[in-house]
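*Asks:* Right, I'll just put the structure down here and ask away after.
Just so you know, all these numbers are worked out from the coordinates, no wet-lab data involved. Just so it is clear, the model here is predicted, and its values are computed rather than measured. Here the Cβ is made from the backbone with ideal geometry for all residues, glycine too, and neighbour counts use every protein chain on show.
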């Protein structure tokens, strides 16, 4: 007996062994179907008695083991059921013969046998035979179970008779010596008459009877017999059989104490179901009141025999062992077995049985001792298969007692044994399967999710080894897919624990495997149902943060203001709450402020680093998204060894609109493709992964005729799509042609252009940027690929003059302010003013040379396509940066009254701050040539302005604006009016630049007042001709010259009444004025005119007449006398700009004669 | 003396493991790992009520062919395992005990280090040298 049955357990001692075997050709599946049905009859309740018979079925049993049947009767094959197929009657004799020869194999021990014949029909089948049953087919055999029960009953009858026969052996009879196979030769020539020998025979027989009783269901009898056997055998030192008797005692006690059995489900015993149920139902019956009181009476043991009547032994101690004693007895039995080398199998099986009992008793420590012992039991040369079986069973038993690590250890040993080099055909498949079973023992789970929680904690060295073994086994199995999966797992979970060398090796072999079988994300299901979840290599490279990027400024969509939906968070009823719902999960799902646009490339930035000691090539790195159809554009990257954080931008194009959620990323490293989901990577920082994708919008590309400027605008905080810069002289105008090309896929439907001058301290005159959009708009809608152009005029007019200086100068210029009518502009120019105040002083010059910058942002708002329907538009911004160099400016301005009252002279000191020669010209004026840094005075005669004709500001605006601002506004409009009238331009011939010079900046209140037409307008008409300073009215001596003074009131108040006195005088042009002209000029009527009160917008005319008595040049000075002196100050004197009248009295025709 | 000394965390993963024959380190990993079964069994065998008075020294966990494995569990369930050569018969229980006591003291020092995170592997030099001292003369 060399092959242990590791499945044995204590209660097997009460079973009878029946071998079920096929005879001839029986299809395997059919045989096992029948076998299962037979095996379901595991327990038979015997009629006429309360006893049960338990049957153990085997379809394979070594005859060699059968020889130990006397030692322990449950090892004896007592029944044989043969299953055979017999197609025709012709085959029948042959079949029958085979059955008989099979019977002979176990012949010595068989109590009974049966043959189940399938397929045979006809007369042979009709004969009634007890030992043969005929069935037409494997499917039609309804009474197999019944047959088996009958068979078992017949076995029982034999068993019972044997029991009675042996039990009643009288002491007088010669008791045969039962022995085990290896003992036989030992007893040759032994004195069979010695007392010692007899006792030995008795003891062994007692033990045998005990076995039979146990099998026959007489538990208490069996106990009694065992006890007696122990006593007998102990006295003769028959250790092997003493051990068997003790073991029998233990078995019987175990059966008594644990009616549920000790095998447990883990042992996977075949008749588990039927037996389990039967035993449960039977549990109550076991405690037979009568039998329990069967007690041993040592006194009844006669010296020479066994008392047949066990009932007389009733009375003393209970025979059954207490649970804790069972183990003691087992230990003892095993120690006796241990004395015999040939009883190794028995010892081993006893150990296994004891462990099972201990497992039920939950005494793991002692069980482990038994197992430890079992490990050392030497069974001689074991075949590899047996070794595997032995290690597996050890592992199973360790598992049973809760020693999972030990169990895993032995399982691994078994696995290694499967592929030991001595085995010609290594069982890699079995090895792999066993290795998989060890995983829980090493607290390793093949789901990478369990490892994402934090740093790895476990038996790294052992686990790494195990994973390597799995990889190797799966490769040898011819399943590189599994190898790849395990290697990926190893890399992913144990990365921190691998040395640099190991990392290199692992990745190299991974690459080798993936060349045969690329790794993917599908779940691998093993044949036995185990699922290997995919292993995303989220550590190659390690991603630290994921950040969704906004579109570039020029492509950012904006929502139309009016259409802004109420997207305030509706989660809370409060407008503001200090309680911030701050959870990580929410943050991840948080929607990001900006939006992406369908059809446009969107970017996500990852910060990654490579933990490997070599360069890591990541291919096909792309984004995983949900919610929107998204076309990911994978990127390949190569990360240097142990790189620091490295930014990687992944791009993709959303193809539909909606909310897109970036769930993770996709990589392909070493041939393993992984989908790394962010929710499984708690270490990844992200500021939200959900973003709204709006329907597609057109895209415009902007190009300009001017060079782009590299530097951004200084004063603008916003990001600009592009900017241009240009250098201009002050007053110059530059045309900027902007070409807008639709490079998107949508039609451009609307286009709006606005501009905003950046905050600057500079005072800017006039429109900086101006354009005409009409033409461009007329070309809309703009199909993709088409373009429109827009011309923008850049006009810079800045004030380069130093303001304070100027005002002072102006005040000095007393003459011009008081305004003597006789002062001629020519004389003013000649006045040595320029010399007294040299402008060439260094400090002021540098001031003037200062280059000023002017910046503005042009915004092109455009929309179209589906995005427009949703109310979105895009902005394209163009920054315009202009460096303004001073050209000409006016250092001083003053006015001189002109000869005509409606006109005046504007005196401008023009300074050329450029380095070029420059010509300045004004409307109706001569060109003035100025050399570099030269200053000259320029006089321009201008008609006075009637500012009242300027449009009045809107009443509504007036109400809400600061009066000061209003005043400035008014000044500004007046100044621009003056400026446009003057039309001063400059021209630099050398560089072919020209521009305007603006006086706006230099005009102040005082000058303006001078330039303004007085609200009281005086018209003097002499001889029916309107007269002004420089017009010489002709008249004839002696003729009455009618003089008409007309006052038109344009002021807002009524004026007057006034008195005007006309004073004639002669100017000798040498500073002498002769007022004494009573004899030369005479008034017809009064020389004083009275003008009544003139209401606003009305006029009043007064008439008079003069008579010149001599020829000559006369001047009339109309003097004003205010009648109501009390209110005189309400009318400023400048309003009375009455012209002096120059009359040339000519010789009257002769006939008139004086 | 000892051929392998291991410190195992409450959650049964190694905090420290060192063995003398470097070339066969994995074997000791297996040995110590499987010994945890016995340690756990021994701890659970002692009733909960008795936990306070439980002796920290667990004694011989199990003998293998070549080695004897001894165990020790602190009150915080940190386990110490010492593997000694079976051939070394001079070692008596008392000596093993004193080795464990030394180990425990040294471990306490490690834990007192404010820069040590409980649960991390032990990298203390002092601890290392103490372990080395216990393992000498073995080879």
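*Asks:* What list do you get for A:324, A:855, A:642 if you sort them by fewest beta carbons within 10 Å? Can you show the working numbers first?
*Replies:* Numbers: A:324 10, A:855 22, A:642 14.
So the ranking, lowest neighbour count to highest, is A:324, A:642, A:855.
*Asks:* Using only Cα atoms, locate the centre of segment A:330-391 and the centre of segment A:528-545, then give the distance between them in Å, rounded to an integer.
*Replies:* Cα centroid of segment A:330-391 versus Cα centroid of segment A:528-545: 43 Å apart.
*Asks:* Most exposed first by the Cβ proxy, i.e. fewest other Cβ within 10 Å, how do A:888, A:1007, B:81, A:991 rank?
*Replies:* Working: A:888 32, A:1007 23, B:81 29, A:991 12.
Ascending Cβ contact count within 10 Å gives the list A:991, A:1007, B:81, A:888.
*Asks:* Okay, next question. With only alpha-carbon atoms counted, please give the Rg and Dmax of segment A:1-75, in Å.
*Replies:* Values for segment A:1-75 (Cα only, Rg and Dmax): 14.0, 40 Å.
*Asks:* Once both labels are modelled 7 Å past Cα along the beta-carbon direction, what's the residue A:324-residue A:1075 spacing in nm?
*Replies:* About 15.3 nm separates the two model spin labels.
*Asks:* Could I ask something else about it? Calculate the length of the line joining the C-alpha centroid of segment A:662-701 to that of segment A:404-440, in whole Å.
*Replies:* 42
*Asks:* Please state the relative contact order of segment A:10-160 as a whole percent: Cα pairs under 8 Å, 6+ residues apart? Let's see the in-between values first.
*Replies:* Working: 246 pairs, mean separation 40.2, N = 151.
The normalised contact order for segment A:10-160 reaches 27 percent.
*Asks:* Determine the relative contact order of segment A:8-69: mean sequence separation of Cα pairs under 8 Å and six or more apart, normalised by residue count, in whole percent.
*Replies:* 44
*Asks:* Calculate the radius of gyration of the Cα atoms of segment A:10-160 to one decimal place, then report Dmax, the largest Cα-Cα distance, as a whole number, both in Å.
*Replies:* Calculated on Cα positions, Rg and Dmax stand at 15.1, 47 Å.
*Asks:* Another question, then. Given the C-alpha centroids of segment A:101-127 and segment A:874-899, what is the distance between them in whole angstrom?
*Replies:* Centre-to-centre (Cα) distance: 126 Å.
*Asks:* Continuing with this model, one more query. Can you give the FRET efficiency to the nearest 0.05 for residue A:861 and residue B:113, using r as the Cβ-Cβ distance and R₀ = 56 Å?
*Replies:* 0.30
*Asks:* Please compute the length gained on full extension between residue A:756 and residue A:88, using 0.36 nm multiplied by the number of residues separating them and subtracting their Cα-Cα distance. Don't skip to the answer; put the middle values down first.
*Replies:* Numbers: separation 668, 0.36 × 668 = 240.48 nm, distance 10.94 nm.
Value of the extension gain: 229.5 nm.
*Asks:* Find how much the distance from residue A:29 to residue A:128 grows on full extension, using 0.36 nm per residue of separation minus their present alpha carbon separation; answer in nm with one decimal. Present the calculation step by step, with values, prior to reporting the outcome.
*Replies:* On the way: separation 99, 0.36 × 99 = 35.64 nm, distance 2.79 nm.
Value of the extension gain: 32.8 nm.
*Asks:* Normalising by the residue count of segment B:2-134, find the relative contact order in percent from Cα pairs under 8 Å and 6+ residues apart. Don't skip to the end; give the middle numbers.
*Replies:* Values: 166 pairs, mean separation 34.0, N = 133.
That works out to 26 percent.
*Asks:* Report the FRET efficiency, 1/(1 + (r/R0)^6), for residue A:779 and residue A:687, where r is their Cβ-Cβ distance and R0 is 35 Å, rounded to 0.05.
*Replies:* Numbers: r = 42 Å, r/R0 = 1.20.
Working from the Cβ atoms, E equals 0.25.
*Asks:* Separate question: So if I average 1/r over every pair of distinct C-alpha atoms in chain B and take the inverse, what Kirkwood radius in Å does that give?
*Replies:* In chain B this quantity evaluates to 15.2 Å.
*Asks:* For segment A:340-486, place one equal point scatterer on every Cα, skip the solvent, and apply the Debye formula. What is log10 of I(q)/I(0) at q = 0.08, 0.13, 0.16, 0.18 Å⁻¹?
*Replies:* These q points yield log10 I(q)/I(0) values of -0.27, -0.66, -0.92, -1.06.
*Asks:* Still on this structure: For a quick protection proxy, order the peptides A:135-143, A:931-939 by their average other-Cβ count within 10 Å, most packed first.
*Replies:* Values: A:135-143: 13.3, A:931-939: 17.1.
Highest to lowest by the protection proxy: A:931-939, A:135-143.
*Asks:* Peptide B:8-15: average number of partner chain Cβ atoms within 10 Å per residue?
*Replies:* On the way: counts 1, 1, 0, 3, 5, 6, 6, 1.
If you average over the peptide's residues, the count of other-chain Cβ atoms is 3.
*Asks:* What percentages make up the Cα-Cα pair-distance distribution of segment B:59-139 when the bins are 10 Å wide from 0?
*Replies:* 16, 48, 29, 7, 0
*Asks:* If you take each beta carbon of peptide A:683-695 and count the beta carbons of other chains within 10 angstrom, what is the mean? Could you put the intermediate results ahead of the total?
*Replies:* Working: counts 0, 0, 0, 0, 0, 0, 0, 0, 0, 0, 0, 0, 0.
Rounded to a whole number, the mean comes out at 0.
*Asks:* Within a 10 angstrom radius of each residue's Cβ in A:400-412, how many Cβ atoms of other chains show up on average? Whole number is fine.
*Replies:* Working: counts 0, 2, 4, 6, 4, 11, 8, 2, 4, 5, 1, 0, 1.
Other-chain Cβ atoms within 10 Å of each residue's Cβ, averaged: 4.
*Asks:* I've got another one for you. How much length, in nm to one decimal, is gained on full extension between residue A:1117 and residue A:497, taken as 0.36 nm per residue of separation minus their Cα-Cα distance? Can you show the working numbers first?
*Replies:* Numbers: separation 620, 0.36 × 620 = 223.20 nm, distance 11.42 nm.
That pair, residue A:1117 and residue A:497, stretches by 211.8 nm at full extension.
*Asks:* Based on the Cβ-Cβ distance from residue A:1039 to residue A:1092, what FRET efficiency comes out when R0 is 30 Å, to the nearest 0.05?
*Replies:* Step by step, r from the Cβ atoms, then E = 0.55.
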